[in-house]
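As C-alpha cells, the structure follows; a few thoughts come after it.
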Amino acid sequence: MVISLELLALLCLSVLPYLTFVFFGECLNPLVKPVSPAVRLRWKYGKSMALTMLLAMVFANILIFLVAILPMLAYAIGGAIFIVVGIYLHLRRAAFINTMA
C-alpha cells in the first residue's frame, strides 16, 4: 500500500496535532474546557503543543509543495521546529508551575 504525498500531508495536518493534544493535554476532547484548574492547565498546555505541531507541519508542507524539498527533509525540519518550540513551552510551563508551589 502506497500513500500519496497529498494524503500524507493531510494526515500530518489533521491527525498529528490531535494526537499531540491527546498526549500532552491528557484529554480526548479539545473543544470542552475543563472545570478543574489543574486539568485546565494540562488542557491549555495540550492546546498550545497541538498548535505548535500544526504550524510545524504547515511549514513542512509549504516546503514540500512550494519549495520542492524532499518530504523526509521537510518533515525533519518541521519536527525540529516542533521540538525547539515544545522545549520552550515546557520550560515556560515548568517555571509557571514552580511559582504556584
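Only helical runs count toward this figure. For the chain, summing -39,500 (n - 2.57) over DSSP H runs of n ≥ 4 and dividing by all residues gives -28500 deg cm²/dmol at 222 nm. Within the listed set Y75, Y45, Y88, the residue fluctuating most in the Gaussian network model of the chain (springs between alpha-carbon atoms under 10 angstrom) is Y88. Judged by the mean number of other Cβ atoms found within 10 Å, the most tightly packed of the peptides 23-33, 55-65 leads the ranking 55-65, 23-33. With a Förster radius of 30 Å applied to the beta-carbon distance between E26 and V58, the computed FRET efficiency rounds to 0.75.
On full extension, the segment bounded by L13 and R40 gains 7.3 nm, given 0.36 nm per residue less the C-alpha separation. Extending 7 Å from the Cα toward the beta-carbon at both L5 and A94 defines two label points whose distance is 3.9 nm. Taking the Kirkwood radius as Rh and the Cα radius of gyration as Rg, the chain has a ratio of Rg/Rh equal to 1.06.
Placing pseudo-labels 7 Å out from each Cα toward the beta carbon at A68 and K33 gives an inter-label distance of 4.8 nm.
Rule-based calculations on the coordinates, nothing more; no lab input. Predicted model only: the values in this text are computed from it and were never measured. Reconstructed Cβ throughout: ideal geometry from the backbone, glycine too, with neighbour counts over all protein chains shown.
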